[in-house]
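All remarks here apply to the structure that follows.
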Amino acid sequence: MKFSLSWLSEHLDTTADAAAIAACLNTIGLEVEGIEDRGAALAPFCIGRVLEAVQHPNADRLRACRVDIGDGVIRSVVCGAPNARTGMLAVVALPGAFIPGTGITLKAGEIRGVKSEAMMLSMREMGLGQDHDGIVDLPEDAPVGASYPDWAGMNDPIIEIAVTPNRGDALSIRGIARDLAAAGLGTLRPLPAEPVPASFTTPLRWEIAAPEACPVVLGRALRGLTNGPSPQWLQDRLTAIGLRPISRLVDVTNFFTFAYGRPLHVFDMGKLHGDVLTLRMGAEGETFTALNGKEVTVTPDDLVIADAAGPESLAGVIGGEASGCDEGTTEAFIECALFDPVRIAEAGRRHSLNSDARARFERGLDPAFLTDAVELATRMVLDLCGGEASQIVSAGAVPAWERSATLRFERIAGLGGLDLPAEEACARLERLGFAITGRDAESVTVAVPSWRNDVAADGSAYRVLAQSLDQAPGIGPARAAKARASVAAIEAECDLLEEVLRLGGLDAIPPVSLPVATMGPPALTARQARASLARRVLGARGAQDCVSFGFMDHTQAALFGDTPDSLRLANPIASDLDQMRPTPVASLVLAAGRNAARGQDAVALAEVGGGWRSPLPEGQLAIAACVRTGATPRHWDVPARPLDWLDAKGDALAVLAALGVPAAALSVTADAPGFYHPGRSGVVRQGPKTVLATFGALHPSVLAALDISGPAVACEIFLDAIPDPKRRKKSAPDLPTLQPVHRDFAFLVDAGVAAEAVLKAARNAERSLITEVALFDRYAGERLPEGKVSLAIDVTLQPRDHTLTEAEIEAVAARIVVAVSKATGAVLRS
């Protein structure tokens, strides 16, 4: 909601400046989003007259001018504008002035041998538009030497506030002025609501066919009008807040929307059909062209204003082009109505139409401000357009809006946290327009003003309770009514308390420190800590953390495991999200496919989430998953390469290492699930039964079924299978003082023997000395028997108390050869 300071002054008698008003608005709960002071940036600019404009002696496209700004000094100005001429009035900037449109500070200089001691400005250079074809050409009555922003009326700050959905009254300058006056920042000016005498009988009448959507409507005919451009003051009011002036009749309706929060509509009577305007629900297939030029197809749920030819307006949202006013309008009909807020909001959403009228109708209007609004609008139209008015015609009746609310004084301190005398609380309510109807030592009862639709209304708690009571069996009407009344009274009391608190400033409520609690146990369980650490490790390895649905299409889920009917959703949110996923890998692969379809072929995605194998607790797994596609990132030192299954193995082992799983306790087997490539995948185990992770390249058939091309690898770590770390206290091991000994061995083994078996056998040959065994070469090919491969390992021996002799080293080497040969049938190569 935007408004100018001068416009506010029409409703509020105050001497406060924009800063004081903004501070007060923030204090009373109307948040100020910004203050725009256009005049501040234009303050250095003044009005000058061009005494002479001649051709520049050394440039074809420049003119040498002599300019008078009223200070007795005639200045030389070089100007490139094509419209610079002798006798014109222009906006002049002197050296030292900042030019908003160019971002420079003006300096005196010399251009092609001619002095330039000032600058004449275009609209774009002043930051007021995009026109830069020429300098601003002011009218002849502009005073030479005067400040340009003062003369142009641009020294009027614009304040913008954020209005909460419940404060429809604050979507008007009148409502804002009312709150400021109650806060003590001025006095609210009275409305000049003098009835306009009727000069003729209106040729139109109203009919309401949908009273639940429109309880009351008023109208008035005007004739003998002269429509056209609005006076400058009205155009300035509207343009200052971002509205485009159109014509006097249309501008009056926009003026009322912002000044009084009262949307009006004006029909051109010469374009209407018949003598009846009907408020009814739309018929299927009816259409009309809205004022924005778009065709609207109404539905039976839309409230329309129709004449004999059909809909002329989507009530409360937007008018129709066919009956709109233009400069040729001489007869008009003003419409002023109350509409059901919910229906207006739904209609606007249904047709994707936003308007200033809709924003106010859907928040609720002042039901008591109907006749006065028509009278005020009539007077303004007649003052601007001339003509005469008919009597006011209406249909329906104003719904009962009177409400009361009670505030117990003890609740001010008990619920509001503020020690406030009862007299002050009552005074604040009265200043806000609440009339006291009853008071005793413990409470005050007030009548709620008509413009406050948010106080003592049926709030959210009331509506939830009412719905629950309607659905609850065994609750009689009397008991249900009593419960509803109790909730309504509590909500109304809270509304009054909020008004009392905000009018004194929410910052006046003393802060209360919370009790200091001792530090409790760690907030995360062991399972949560594992999940958090796994997420961080995968993120550190370049994978983006994802959060996806735990369900997917059952045909896609079947590619990644069993899809029992017990895990099929009976009421899915979408037809293609009907099965609980067996693993997060499935969701990540689908996400990678969507990225590839948009040109992102190389992605790394990770998720810590659930996988469902059965409806039983043991079938609901916590899994950390990672999927990579494409190639490794390009680097100046390392060429890019396609991803392979060992990249996925690295991800899995990195997570397990971070979670404290000792590498020596792990083994890798080749029995990975079916969605992995059978020859490029593995299972990480701790012992023969405990599966900690799986990894590998995805099966080509899975990629083909999901229309994914290129390499894709994945891993999944089963967080619940990871044992809790042992908490035995261990002293730090002594650092070795002796040098380690490295011995290399090359074994000839059957091609089907896993390298892990060789490493494990060598490691167990002499645990007291062997600290590390690593595979550094695998060879298969020429000079080897068919079906055999060569595995070369590096064994590290770390002595602790003495340097190993050659005999001791040879003895350990012999035990290694025997152990590997016994475990795998390997033969040491010579």
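The values are calculated or read from the model by the stated rules, or taken from the named source; none is laboratory data. In this text, all values refer to a predicted model and were calculated from it rather than measured experimentally. In this analysis, Cβ positions are derived from the backbone assuming ideal geometry, glycine residues included, and neighbour counts consider all displayed protein chains.
A few points about this structure:
- Here the condition is being modelled with pLDDT of 90 or more and among the β-branched types (V, I, T); of V713, V638, it holds for V713 alone.
- Unmet criterion (only one of (1) modelled with pLDDT of 75 or more; (2) hydroxyl-bearing (S, T, Y); (3) more than 18 Å from R408 (Cβ to Cβ)) for S468: (1)
- Within segment 46-65, residues that are within 29 Å of P143 (Cβ to Cβ) reach partners that are modelled with pLDDT under 95 and of a type in the set (F, W, Y) with beta carbons closer than 7 Å, at six or more positions or on different chains, in the pairs C46/Y148; I47/Y148; I47/W151.
- Single residue of segment 542-573 satisfying the filter (without any contact (Cβ under 8 Å) to a residue 24 or more places away in the chain, touching a strand residue (DSSP E or B) at 6+ places or on another chain (Cβ under 9 Å) and among the aliphatic types (A, V, I, L, M)) that is surrounded by the fewest Cβ atoms within 10 Å (Cβ to Cβ): I573
- Top-ranked residue in segment 597-630 [being over 24 Å from D720 (Cα atoms) and over 27 Å from the mean Cα position of the chain (by Cα); ranked as modelled with the lowest pLDDT]: D601
- Verdict on L185 being outside any strand (DSSP E or B) and at pLDDT 95 or above: no
- Selected residue [of a type in the set (V, I, T), part of a helix (DSSP H, G or I) and in contact with a helix residue (DSSP H, G or I) (Cβ under 6 Å, 6 or more places away or on another chain)] from V196, V266, V252: V252
- Residue that is surrounded by 15 or more Cβ atoms within 10 Å (Cβ to Cβ), among the hydrophobic types (A, V, I, L, M, F, W, C) and assigned to a helix (DSSP H, G or I), where the choices are V773, V795, V817, V753: V817
- Filter result for G261 (outside any strand (DSSP E or B) and surrounded by 23 or more Cβ atoms within 10 Å (Cβ to Cβ)): yes
- Of everything in segment 189-209 that is closer than 21 Å to L338 by Cβ and within 42 Å of the chain's Cα centre (by Cα), the residue that is modelled with the lowest pLDDT is L191.
- When R360, R350, R343, R379 are checked against the criterion of being within 16 Å of G261 (Cβ to Cβ) and charged (D, E, K, R), R360 stands alone in meeting it.
- Taken over segment 384-421, the criterion of being closer than 28 Å to T202 by Cα, of a type in the set (V, I, T) and part of a strand (DSSP E or B) is satisfied by I392, V393.
- Check on D71, assigned to a loop (DSSP other than H, G, I, E, B) and touching a residue at least 60 places away in the same chain (Cβ under 8 Å): yes
- The sole residue among G599, G539 that is surrounded by fewer than 19 Cβ atoms within 10 Å (Cβ to Cβ) and in contact with a strand residue (DSSP E or B) (Cβ under 7 Å, 6 or more places away or on another chain) is G539.
- Number of residues in segment 86-122 that are part of a loop (DSSP other than H, G, I, E, B), in contact (Cβ under 8 Å) with a residue 24 or more places away in the chain and surrounded by 14 or more Cβ atoms within 10 Å (Cβ to Cβ): the value is 9.
- Every residue from segment 87-121 that is of a type outside the set (D, E, K, R) and more than 49 Å from the chain's Cα centre (by Cα): G87, M88, G109, I111, G113, V114, S116
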